[in-house]
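Before any comments, here is the structure.
The values are calculated or read from the model by the stated rules, or taken from the named source; none is laboratory data. Here the structure is a predicted model, which is why all the values come from computation and not from measurement. Using ideal geometry, Cβ is built from the backbone for each residue, glycine included, and neighbour counts are taken over all protein chains shown. Keep in mind that these areas ignore ligands, DNA and RNA; they rest on the heavy atoms of the full protein, side chains included. Shrake-Rupley method; radii C 1.70, N 1.55, O 1.52, S 1.80 Å.
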Amino acid sequence: MIARLRKFWHDINASYWFLPALFSIVCVALALGTIWLDRSGWADFLNDVDWLEPARPDGASNILTVIAGSMIGVASTVFSITIAAVAYASGNYGPRLLTNFMEDRGNQFSLATFIGTFVYAITVLRSVRAEDEVATNLEDAAATALPGFVPQLSLLVAFGLMALSVAVLVYFLNHIPASIRINTVLKDIGARLLTDIEARFPDPNTGQRAGTAPDGSPITARETGYVQAISFSRLERIAQRENGKLKLAVRTGDFVHPKVVIAYWADMDVVEDCPDADVRECFTLGSMRTPSQDMQFLIDELVEIGLRALSPGINDPFTAVTAVHWLGAATAELGRRDLTRSYASNGEEPRVVLLEDDFEHFVSRGFGAMRGGLANNRIAAQVAFEAMVDATSTLDDETRRETLAREGNLLMLQAREHLVGPELDMVEARYQRFLQDIER
């Protein structure tokens, strides 16, 4: 249940309907509240403000009509611009980046502000009573001694929301082009990746290697899809209740289908009556991967942007260089951390053993996956050697240093198959320096 709620919350965060709907409800409540204050006499002090000219019914109706009409027009334009920017970015950088732009709070708050202001203006407009109109109830009739009724406080708040909307529009016009710049996109992905690495692997490297493959009594999946979220706390409670251990056979982001093993019961006296169905409910499946618990999804996004940039149709090596720099930073961060994982909320012996990934796996997932594109471009290949050397600056583990050296050797072997002439000579020279630097 917790995993499903987490997935539902992630879906809400990646939607364009939640914040506008929330702001609309808040603005309706705000409008009703300010109208009540106007009718109850709490806003009569505004009549004593010399510089504040009271509005008449016709003027108030016109002002609120203009505000409502302009806000819904601006909201439509903002939504169109946002969709165009999202389509451009996902087409150029990769469809998997669509979630990143859908989660952009700047776009969501901008749209929500315009919709909320529109709803507020429409709600207040229906309370304005012209001079020749009769009050519909005693409260309305007693609200003012003058003909008609104008909620002065509500109108003043509408002016404030209009000013806020203008400021938000200026912010939006600057935010949209800035958010689709490739350096900004890569920075957002890279920074989130580094944060996830720090949170997932908080301890420094101890030299401990990944354990053996999980084994025991298997628990198989019953549905098909990507593992989007895992409720580790609930798995721990289930394991404690059964007085055993759960060894996970999949990680967040893996694709499963019926009969695929997702976990194993271990250290159990009797496994026939184990609650396999309860364990399956801790795994939330969906049609696509999400970055909420899937750190490797972020690595794949950097790789995808880099490979697209190095493709013959785009041929943008400097975008690939930026992606390599962020991969290098992530590799350096992984290299100095303990990558063994387990889950124990109370500090006791872990009841949930997670599927482990060693340093070689992450290097292969990053630099290894980009190797084919890097080997075809002299600039990108040279920067990749530099990034791998920089990553070794934080390493005191000889095995991990050898892993990076091996990846550099594979890159050079592939570059020799694709580069010729002076470009190959320049990469060869950088490779020789790479061997010298990485052995220090």
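All conditions in (1) open to solvent by less than 70 Å² (accessible area, probe 1.4 Å); (2) more than 14 Å from residue 109 (Cβ to Cβ); (3) modelled with pLDDT under 85 hold for residue 29, with the sole exception of (3).
Tally the residues that are aliphatic (A, V, I, L, M) and assigned to a strand (DSSP E or B), restricting the search to the stretch 250-308.
Total meeting the criteria: 6.
Look through 190, 225 and report the one residue that is touching a residue at least 24 places away in the same chain (Cβ under 8 Å) and closer than 26 Å to residue 337 by Cβ. The match here is 190. Mind listing whichever residues of the stretch 84-99 are touching a residue at least 40 places away in the same chain (Cβ under 8 Å) and over 24 Å from residue 315 (Cβ atoms)? Correct list: 99 only.
Number of residues in the stretch 87-105 that are open to solvent by 10 Å² or more (accessible area, probe 1.4 Å) and closer than 20 Å to residue 173 by Cβ: the value is 6. Within the stretch 377-404, the set of residues being open to solvent by less than 20 Å² (accessible area, probe 1.4 Å) and within 22 Å of residue 207 (Cα to Cα) comprises 388, 391, 392, 395, 397, 400, 403, 404.
Checked against the criterion of being small (Gly, Ala, Ser), modelled with pLDDT of 90 or more and either part of a helix (DSSP H, G or I) or more than 24 Å from the chain's Cα centre (by Cα) (or both), the candidates 347, 328, 313 yield just one match: 328.
Pairing residues of the stretch 408-422 that are more than 19 Å from residue 360 (Cα to Cα) with residues that are open to solvent by 70 Å² or more (accessible area, probe 1.4 Å), at Cβ distances under 7 Å and at least 6 apart in sequence or on separate chains, gives 418/376. Being open to solvent by 10 Å² or more (accessible area, probe 1.4 Å), under 33 Å from the mean Cα position of the chain (by Cα) and in contact (Cβ under 8 Å) with a residue 12 or more places away in the chain: is that true of residue 352 here? When the stated conditions are applied, residue 352 does not pass them.
Is it the case that residue 432 is out of contact with any Leu (no Cβ under 6 Å at 6 or more places or on another chain), without any contact (Cβ under 8 Å) to a residue 40 or more places away in the chain and in a helix (DSSP H, G or I)? When the stated conditions are applied, residue 432 passes them.
Considering (1) assigned to a helix (DSSP H, G or I); (2) β-branched (Val, Ile, Thr); (3) open to solvent by 40 Å² or more (accessible area, probe 1.4 Å); (4) touching a residue at least 60 places away in the same chain (Cβ under 8 Å), the lone condition that residue 206 does not fulfil carries the number (1). A single entry from 333, 356, 402 fulfils the requirement of being at pLDDT below 85 and either part of a helix (DSSP H, G or I) or under 30 Å from residue 243 (Cβ atoms) (or both): 356. If you filter the stretch 132-181 down to residues that are among the aromatic types (Phe, Trp, Tyr) and over 30 Å from the mean Cα position of the chain (by Cα), you find that the one that is modelled with the highest pLDDT is 159. Residues that are in contact (Cβ under 8 Å) with a residue 24 or more places away in the chain, in a helix (DSSP H, G or I), open to solvent by less than 40 Å² (accessible area, probe 1.4 Å) and of a type in the set (Val, Ile, Thr) do occur in the stretch 232-248, at least one of them.
Summed over the stretch 365-399, residues that are over 21 Å from residue 322 (Cβ atoms), part of a helix (DSSP H, G or I) and within 32 Å of the chain's Cα centre (by Cα) total 0.
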